[in-house]
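Visitor: Just passing along the structure, written as structure tokens.
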Amino acid sequence: MNQQTVHTYLMNKPLVKLTQPFAKDVDVYKVNHKMFATLALSNEGGTDENGEPIWWLNLKCDPDEAQSLRDIFPAVTPGYHMNKRLWNTVILDGSIPQGEIERMIDNSFNLVVDNMPDKDKKAIEALL
């Protein structure tokens, strides 16, 4: 997945809003005012196998799964500028299958929604 396909996938989640509270070059994706993802150009530069700039995707994650994903995928690292126990950075360099990135996005979204009050959770789940 590249920056545009990830952005589209994130924005297709129900009630997602895009904000840029940190900087113009850091997109923050929120559901019901709660952050579940960030997307930013890598601060290390470099390009993927297609010559495109590499982007970093931060996603919330269960702590045990976070470590497992880091062990499986070299392109998954502790969350950049985030709580390293609860967030992973997914380096969008083409090495992780699209389905796996979509699963990680879904899990991040669901973790945030699951911690909302029942009223909000039910409203979001009704849109899924």
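The values are calculated or read from the model by the stated rules, or taken from the named source; none is laboratory data. Since the structure is predicted, the reported quantities are computational estimates derived from the model, not experimental observations. Cβ sites come from the backbone with ideal geometry, for glycine too, and all protein chains shown count toward neighbours. Heads up: the accessible areas ignore ligands, DNA and RNA and are worked out on the full protein's heavy atoms, side chains in. Shrake-Rupley method; radii C 1.70, N 1.55, O 1.52, S 1.80 Å.
Visitor: Calculate, axis by axis, the spread of Cα positions in the stretch 1-83 along the three principal axes, and write the results as whole Å, longest axis first.
Guide: 33, 32, 22
Visitor: Leaving out same-chain residues fewer than 8 places away, which lysines sit with a Cα under 17 Å from that of K84?
Guide: K60
Visitor: Within the set of other residues whose C-beta is less than 12 Å from the C-beta of P63, count the net charge using Lys and Arg as +1 and Asp and Glu as -1. Could you put the intermediate results ahead of the total?
Guide: Details: positive: K60, R70, K84, R85; negative: D62, D64, E65.
Net of charged neighbours comes to +1.
Visitor: Per residue, how much accessible area does the chain have with a 1.4 Å probe, in Å²? Mind showing how you got there, number by number?
Guide: Working: 7180 Å² over 128 residues.
Accessible area per residue, the chain: 56 Å².
Visitor: Considering amide H positions built from the backbone, and no H for Pro or chain starts, which residues 5 or more places from K84, or on another chain, come under 5 Å of its amide H?
Guide: Amide H neighbours of K84, under 5 Å, 5+ apart: none.
Visitor: Kyte-Doolittle mean at least -1.0 and Cα extent at least 20 Å along the axis: which DSSP H helices of the chain qualify? Present the calculation step by step, with values, prior to reporting the outcome.
Guide: Numbers: long enough: 98-114 (24 Å, -0.25).
Flagged H segments are 98-114.
Visitor: Also, quick follow-up: If I compute solvent accessible area with a 1.4 Å probe over the protein chains, what percent of it on the chain is carbon and sulfur? If you can, show how the numbers build up before the last one.
Guide: Values: 3710 of 7180 Å².
That fraction is 52 percent.
Visitor: With n ≥ 4 as the cut-off for DSSP H runs, can you work out [θ] at 222 nm for the chain, using -39500 (n - 2.57) per run divided by the number of residues, rounded to the nearest 500?
Guide: Working: 4 runs with 44 residues, N = 128.
Result for the chain: -10500 deg cm²/dmol, rounded to the nearest 500.
Visitor: Net charge around E125, counting only other residues with Cβ within less than 14 Å of its Cβ (Lys, Arg = +1; Asp, Glu = -1)?
Guide: Details: positive: K13, K119, K121, K122; negative: D106, D114, D118, D120.
Summing Lys and Arg as +1 and Asp and Glu as -1 gives 0.
Visitor: Using a 1.4 angstrom probe and counting only protein chains, how large is the accessible area of S42 in Å², to 10?
Guide: It works out to around 20 Å².
Visitor: Of K13, K84, K60, which has the most accessible area and how do the rest follow, probe 1.4 Å? Before the final figure, lay out each step's value.
Guide: On the way: K13 30, K84 100, K60 55 Å².
Sorted by accessible area, descending: K84, K60, K13.
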